1. Pick from Ile304, Ile325, Ile376: which is touching a strand residue (DSSP E or B) at 6+ places or on another chain (Cβ under 6 Å) and in contact (Cβ under 8 Å) with a residue 60 or more places away in the chain?
2. Against the conditions (1) out of contact with any Phe, Trp or Tyr (no Cβ under 9 Å at 6 or more places or on another chain); (2) modelled with pLDDT of 95 or more; (3) among the hydrophobic types (A, V, I, L, M, F, W, C), where does Met414 fall short? Just the number, please.
3. Does segment 629-659 hold any residues that are charged (D, E, K, R), in contact (Cβ under 8 Å) with a residue 60 or more places away in the chain and open to solvent by 10 Å² or more (accessible area, probe 1.4 Å), and which are they?
4. Of Ala50, Ala43, Ala83, which residue is closer than 14 Å to Ala205 by Cβ and surrounded by 14 or more Cβ atoms within 10 Å (Cβ to Cβ)?
5. When only residues in segment 12-26 that are open to solvent by 10 Å² or more (accessible area, probe 1.4 Å) and not basic (Lys, Arg) count, which is nearest to the chain's Cα centre (by Cα)?
6. Tell me which residues, restricted to segment 152-162, are within 32 Å of the chain's Cα centre (by Cα) and either under 17 Å from Arg56 (Cβ atoms) or among the hydroxyl-bearing types (Ser, Thr, Tyr) (or both).
7. Here is a check on your reading of the model: is Val709 touching a Phe, Trp or Tyr at 6+ places or on another chain (Cβ under 9 Å), surrounded by fewer than 21 Cβ atoms within 10 Å (Cβ to Cβ) and either of a type in the set (A, V, I, L, M) or at pLDDT 95 or above (or both)?
8. With the checklist (1) buried (at least 19 other Cβ atoms within 10 Å of the Cβ); (2) out of contact with any His (no Cβ under 8 Å at 6 or more places or on another chain); (3) under 20 Å from Arg318 (Cβ atoms) in hand, flag the one item Gly241 doesn't pass.
Amino acid sequence: MSAAKSLLIELGTEELPPKALDELSAAFARGICDGLAKRGIEAALDKAKAYCSPRRLAVHVPRVAAMQPEQSVERRGPAVNAALDAEGKPGKALLGFAQSCGVTVEQLEKLETDKGAWFVFRAVKPGQSLASLLPEIVDEALKGLPIPRPMRWADHDYAFVRPVHWLVMLHGADIVDGEVLGQASGRKSRGHRFMHPQPVHVADADGWLDATRSARVLADPAERRARVRDEVARVAKETGGVPRLDESLLDEIANLTEWPVAIACSFERGFLAVPQEALVTTMETNQKFVPVFDAGGKLTGHFIGIANIESKQPAEIRKGYERVIRPRFADAKFFWDEDLKTPLASYQEQLKHVTYQQALGSLWDKSVRVAELARIVANRVGVDAGAATRAASLGKCDLLTRMVGEFPELQGVMGRYYASHDGEAAEVAAALDSGYQPRFARDGIASDKLGQVLAVAERLDTLAGIFAVGMKPSGNKDPFALRRAALGLARTLIEGGLELNLPGVFVEALELLPEAALVAGVKPGKDGKPPAVDIGQRRAALVTELVDFVLDRLRGYYAEQGCPAEAYEAVLAVRPDTLPDFDRRLHAVVEFGHLPEAASLAAANKRVANILRKQAEEGGEPVPAHDVDPAHFEGDAERSLAAALEAAGKETSEALRRGDYTSVLKRLAQLQAPVDAFFEQVLVNAEDPAVRRNRLALLERLKAAFGAVADIALLRG
């Protein structure tokens, strides 16, 4: 091997976990590229591509050199002043160092540093071949894969996510000899387990993908996903409906099959009496089938299965899929029919016997707290408080039904169906479902106001309660999904336009908790005994923690919207009481940042902040902004700035009251000229104390004008 050629590494295994396959594949490719880069082997790493299928992980890297370049070696030995004796002869340490390097003392060089001189050995050695380094690179890449529980097989000492059965390592057309996880490398890959069980000859690295494809394996995951989509669309025409294939289901199906083939199937129409969410859940989650809907979004009696084989008897596969789905649908129908025999509200008594959390009581205790919070919130946002308390009191009841016991992801959804069946008000029934929104990252908030109230109340109680008992998230651990709850709370308040004082509603949520819960979260003293707890101080500390926790979730929320981090920090510094107000301020600051005056005014605000901070650090008394006295002005720049601030204050007062912060900042941007003139012509630290105090008061007024919206000093000047 001499010239740069494509490199192909394929590790064949038993079926890999479908949900982990994409991550394993990306990590394997990253490990191979990192290993090549670390050893200085030239390659087109930016063109490297990861491949995978249920039975293989593979990496293709173009233009990989056959050899490392020459390697420079430098070893530092003992310090010169310690290595030589009084007569300048080498001591034992220096002699031993030279011997370990395979040279004489005279062949060593000296390295001068600011800490002294050192003996060093420098040499250039030939680079190693790719063939000699590749097994080690592959081994390192495999050890770096995210495998929480590796398994062992046969009587081997090594372990991997699944047993390994073959290894292909080719540099161009040449086999790279080596052994990985007990498998010697070669050029024999394997095709589809059933349609091409015999070994697949791979002529060279660039021909591997076509070779596997001809053996009925689509090793490119993007190609496999595209085929799944095409196959589903093809057979959907037979059903006359619209298939629903979301990305997560598509990924899982693609990672379960090497040659996907769609099969149109059907089920008895009698099952359509069951809420379609239950049928869809069992199809998608349990069987990986694709449900088919009509044009109005209603489930039809058809579904699509994806086989991992191009069968000569597709009717038999269809029968098998239909035979598998029937008992699951029959179970769902049984749960539905049985649950309808019991009114939803009758489960309230049973909630008293289900523990939510030891210090926080039962699910019924939680329901009572949420109902009271829902009443408080509803009254403040103009929603029927009676409907809110009724919805909250029913909110946990469906957890005890048979259907939700079997399909926990349907909580709320089934509550809506059961409440509607029982004759509850339509808005109450709808809120039982929408109150769970947003359920996942890109889900919308509840579209109805009652659902928004329920979503807010539920999350307030959850956050307050779990923080109180000392079980807040730490690191990667978040067993109560509090980060998701906090983001859901924030999104509902912002996107729903609910002007609730965030610290205030957390105070009310904490006041509803039993005192035992507030005490439970306090760590015992060194003697192991619980310390005395001031409940008022404990609540105040928790409010600060909770508000900070929610506001911190907004950092990522706004980053996803493209808002600069410094704009978020500028608004965070003034800590608005309501999140819709936070949102208005942030978007105003972002718009202000695009103005030509923004950089200069941000720099001026930084300068003001530094001057005032230095004044405070030197023991000076705070100077109120209203202490500006025109009698102490000595120049036109001071008078102009004072007049400009006075005018801006009058012209923005109404916009501030309305929360029109964009208009406020646009008007304040007109202060650039007088502010620049002030700093060019005025010495703030005047010798006359009265003049100095007056100028500091003027700067306080300038700071307060912008600070009414955000801390503009935190923007980039």
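1. Values: Ile325 fails: touching a strand residue (DSSP E or B) at 6+ places or on another chain (Cβ under 6 Å); Ile376 fails: touching a strand residue (DSSP E or B) at 6+ places or on another chain (Cβ under 6 Å).
Exactly one of Ile304, Ile325, Ile376 is touching a strand residue (DSSP E or B) at 6+ places or on another chain (Cβ under 6 Å) and in contact (Cβ under 8 Å) with a residue 60 or more places away in the chain, namely Ile304.
2. Result: Met414 fails condition (1) only.
3. First, the residues of segment 629-659 that are charged (D, E, K, R): 629, 634, 636, 638-639, 646, 650-651, 654, 657-658.
If we keep only those that are in contact (Cβ under 8 Å) with a residue 60 or more places away in the chain too, we end up with 629, 638.
Asp629, the sole residue that qualifies.
4. Details: Ala50 fails: closer than 14 Å to Ala205 by Cβ; Ala83 fails: closer than 14 Å to Ala205 by Cβ.
Going through Ala50, Ala43, Ala83 in turn, just one is closer than 14 Å to Ala205 by Cβ and surrounded by 14 or more Cβ atoms within 10 Å (Cβ to Cβ): Ala43.
5. Residues of segment 12-26 open to solvent by 10 Å² or more (accessible area, probe 1.4 Å): 14-15, 17-20, 22-23, 26.
Then keep just the ones that are not basic (Lys, Arg); that gives 14-15, 17-18, 20, 22-23, 26.
Details: Glu14: 31, Glu15: 28, Pro17: 22, Pro18: 21, Ala20: 17, Asp22: 17, Glu23: 15, Ala26: 18 Å.
So the residue we want is Glu23.
6. Selection gives Phe160, Val161, Arg162.
7. Details: touching a Phe, Trp or Tyr at 6+ places or on another chain (Cβ under 9 Å): yes; surrounded by fewer than 21 Cβ atoms within 10 Å (Cβ to Cβ): no; either of a type in the set (A, V, I, L, M) or at pLDDT 95 or above (or both): yes.
No, not satisfied.
8. (2)
The values are calculated or read from the model by the stated rules, or taken from the named source; none is laboratory data. Because the structure is a prediction, the values reported are computed rather than measured. FYI the Cβ positions are ideal-geometry reconstructions off the backbone, even for glycines, and counts take in every protein chain you see. Accessible surface is based on the protein model in full, side chains and every heavy atom, while ligands, DNA and RNA are left aside. Shrake-Rupley method; radii C 1.70, N 1.55, O 1.52, S 1.80 Å.
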